[in-house]
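Student: What follows is a single structure, and I will ask about it in a moment.
Where a number appears in this text, it was derived from the coordinates with a stated rule and is not lab data. Owing to the predicted nature of the structure, the values given are computational and were not obtained by experimental measurement. Note that each Cβ is placed from the backbone with ideal geometry, even for glycine, and that neighbours are counted across all protein chains shown.
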Amino acid sequence: MTDNFPYISGDYFSEKYQPFELTLTNETLFKTEKEHFRNEIEYIFVSDGLGSIEINGAVVSIKKGDFIQLMPYHVHRFIFEKEESIQIVKIRFSIGLLLYTSTNKKNYLKFIQSLENSIPVVHLNERFQRRLAFIFEETIFDINEGKKGLETLYISLISFISYAYYYHYNQLIEEKEKQHLGGRMLQYIQFHHQEQLTINQVADVFSLGPEEVKEILYDLTGFSFTQLLNQVRIRNAVALTQFNELSINQIGKICGYQTDSAFYKQFKLLENKTPECYRQEIKGQEDIQSDAFEIFLFLMEYLCEPITINELAKKLNFSEKKINNRLKEAFNLNFHDFYTKLRIVAARNLLISMPLKVEEVALKMGFQDRLTFSRNFKKVFGVTPSQYKKTKEEDKILIFY
């Protein structure tokens with residue numbers, strides 16, 4: 001963006017120079033508008049109600065107390081759902097009048113450059129809402145009375161509303177910077193959780209006071225520094241419990257705890273169980289997955305030679321109950337349904353890859369007859385084997401052509 005803006009009020013000493021007109025109106029809006037933009041600058045104060053505004057394609061909800069800055073490059077429209085409406089005070093003026101309010105080129109340049117990246121909607125605090133409402137009411141009264149010297153009033157008004165907008169805009173920027181800083185602090189805690197980390201050390205790293213660190217972290221997460229440190233440590237401890245070669249005592253030490261009691265206390269507080277119980281649960285899940293995978297591999301070998309659950313139990317040295325439980329826990333299917341589905345999926349592959357009739361595929365996959373095969377196939381794929389085969393053959397023709 002150019003930095004050459006030579007025209008400010010200090011460049012005009014002649015009374016012949018007059019700024020463009022300013023308008024200030026109270027309006028009630030309830031109908032969704034068409035997209036539009038204006039050559040002037042608009043500030044809109046929402047004094048009551050609910051609605052939305054779309055600015056350059058981005059939709060923002062608006063409510064009482066919101067203050068909107070619309071520049072000529074903001075293509076916008078108000079949007080309302082059923083029974084929504086807003087009461088607004090709208091002030092519109094030219095960029096020339098904005099220029100006229102500036103007596104310092106450096107400050108004016110800074111203001112104009114900030115418009116490129118400004119947030120179009122801010123929410124005013126209660127104090128500023130009251131001040132703006134009063135100023136707008138008095139200004140409208142003076143305009144309606146046709147009082148003299150309104151140019152000075154206009155300049156003062158624009159100066160104040162610009163101040164009000166950027167006061168809250170800067171607060172938003174500061175809040176974003178705090179959040180960014182808070183994210184860096186969380187990262188630092190993650191990388192240094194194994195050390196005897198204190199809030200003072202974190203404060204020194206970021207050149208802040210301990211209270212500032214405390215405030216930033218709490219505002220970002222809702223937790224204190226100590227709570228966050230323990231969360232990081234226990235999170236890493238949980239990940240380490242899967243390694244059986246590490247004792248519980250070693251895991252606690254690795255994660256920064258100097259005593260077993262402190263480690264156990266925080267682990268139980270955050271996970272609702274002791275480290276030993278957590279490790280046992282993990283082992284149980286691993287056993288389930290291992291057994292289920294073993295059953296799966298064995299059944300894959302017997303897709304064409306039907307096998308009963310009793311025969312499978314003897315071959316794997318499992319009980320029938322264990323087989324059903326493992327398949328239910330891993331795949332949410334019992335033995336019969338799981339085995340049938342495996343055979344149907346394999347049959348589907350034969351139908352589309354081999355020049356075989358439906359009856360031939362049924363026999364190859366161990367089904368007694370075509371009817372039983374078709375019924376189970378439709379249960380899995382939603383169509384009969386014949387319909388499925390026909391569809392796939394038509395797809396091949398389409399691809400060929």
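Student: Just want the answer: with Cβ charges of +1 for Lys and Arg and -1 for Asp and Glu, which residue in L208, Q231, T241 is farthest toward the dipole's positive end in region 192-253?
Tutor: Selected residue: T241.
Student: Tell me what the chain gives for mean residue ellipticity at 222 nm when only DSSP H runs of n ≥ 4 count, each as -39,500 (n - 2.57), the sum divided by the residue total, rounded to 500 deg cm²/dmol.
Tutor: -19000 deg cm²/dmol
Student: Additional query: Measure nothing fancy, just the Cα-based angle from helix 260-271's long axis to the longest principal axis of the chain, in degrees from 0 to 90, nearest 10.
Tutor: In the chain, helix 260-271 runs at an angle near 80 degrees to the longest axis.
Student: While we're looking at this one, here's another question. Compare S374, S94, S47 in a GNM of the chain, Cα atoms joined below 10 Å, and give the one with the largest fluctuation.
Tutor: S374
Student: Still on this structure, I have one more. How big is the dipole moment of the chain about its Cα centre under a simple scheme where the beta carbon of each Lys and Arg is +1, that of each Asp and Glu is -1, and everything else is neutral? Debye, nearest 20, please.
Tutor: With only Lys, Arg, Asp and Glu charged at Cβ, the dipole is about 1540 debye.
Student: Which residue, P306, P210, P120, tops the fluctuation ranking in a GNM of the chain built on C-alpha contacts under 10 Å?
Tutor: Among P306, P210, P120, the largest GNM mean-square fluctuation belongs to P306.
Student: Can you list which of the GluC sites (Glu not before Pro) found in region 301-401 are DSSP loop residues with at most 14 other C-beta atoms within 10 Å?
Tutor: Passing sites in region 301-401 do not exist.
Student: A further question follows. Grab the other residues whose beta carbon is less than 12 angstrom from that of I199, score K and R as +1, D and E as -1, and report the net.
Tutor: So the environment of I199 carries a net charge of -3.
Student: Could you pull out the pairs from K357/K390; K268/K328; K322/K364; K315/K341; K253/K273 whose alpha carbons sit more than 23 Å apart here?
Tutor: Check vs 23 Å cut-off fails for K268/K328; K322/K364.
Student: Rank the residues F298, F377, F136, F93 as a footprinting-exposure proxy: fewest other Cβ atoms within 10 Å of their Cβ go first.
Tutor: F298, F136, F93, F377
Student: Applying the Karplus parametrisation 6.51 cos²θ - 1.76 cosθ + 1.60 with θ = phi - 60° to the phi angles of region 289-304, what ³J(HN,Hα) value in whole Hz is obtained for each residue in order, glycine and proline being reported as x?
Tutor: 5, 5, 5, 4, 5, 5, 4, 4, 4, 5, 5, 4, 6, 10, 5, 8
Student: Can you grab the distance from the C-alpha centre of region 125-194 to the C-alpha centre of region 27-61, Å, no decimals?
Tutor: Value for the Cα centre distance between the two parts: 18 Å.
Student: Dividing the alpha-carbon radius of gyration of region 284-400 by 2.2 N^0.38 Å (N being the number of residues), what value is obtained?
Tutor: The value comes to 1.20.
Student: Restricting to Cα pairs below 8 Å that are 6+ residues apart, what does the relative contact order work out to for the chain? Please round to a whole percent.
Tutor: 10 percent
Student: Is the chain best put as rounded, prolate or oblate by its Cα gyration tensor, with a ≥ b ≥ c the root eigenvalues, rounded for a/c under 1.5, and otherwise prolate when a/b is larger than b/c, oblate when not?
Tutor: Judged from the Cα gyration tensor, the chain comes out oblate (a/c at least 1.5, b/c at or above a/b).
Student: Right, next: Of T241, T25, how do they rank once you tally other Cβ atoms within 10 Å and put the fewest first?
Tutor: T25, T241
Student: Give the cross-link partners of K34 among the aspartates and glutamates, using a straight C-alpha distance below 13 Å as the criterion and excluding same-chain residues fewer than 8 apart.
Tutor: Here the aspartates and glutamates satisfying the reach criterion relative to K34 are E54.
Student: Among C255, C304, C277, determine the one that fluctuates most according to a GNM of the chain built with springs between C-alpha atoms less than 10 Å apart.
Tutor: Taking springs between Cα atoms under 10 Å, the residue moving most is C304.
Student: Going by how many other beta carbons lie within 10 Å of each one, how would you line up V361, V75, V60, fewest first?
Tutor: Ascending number of Cβ neighbours within 10 Å: V75, V60, V361.
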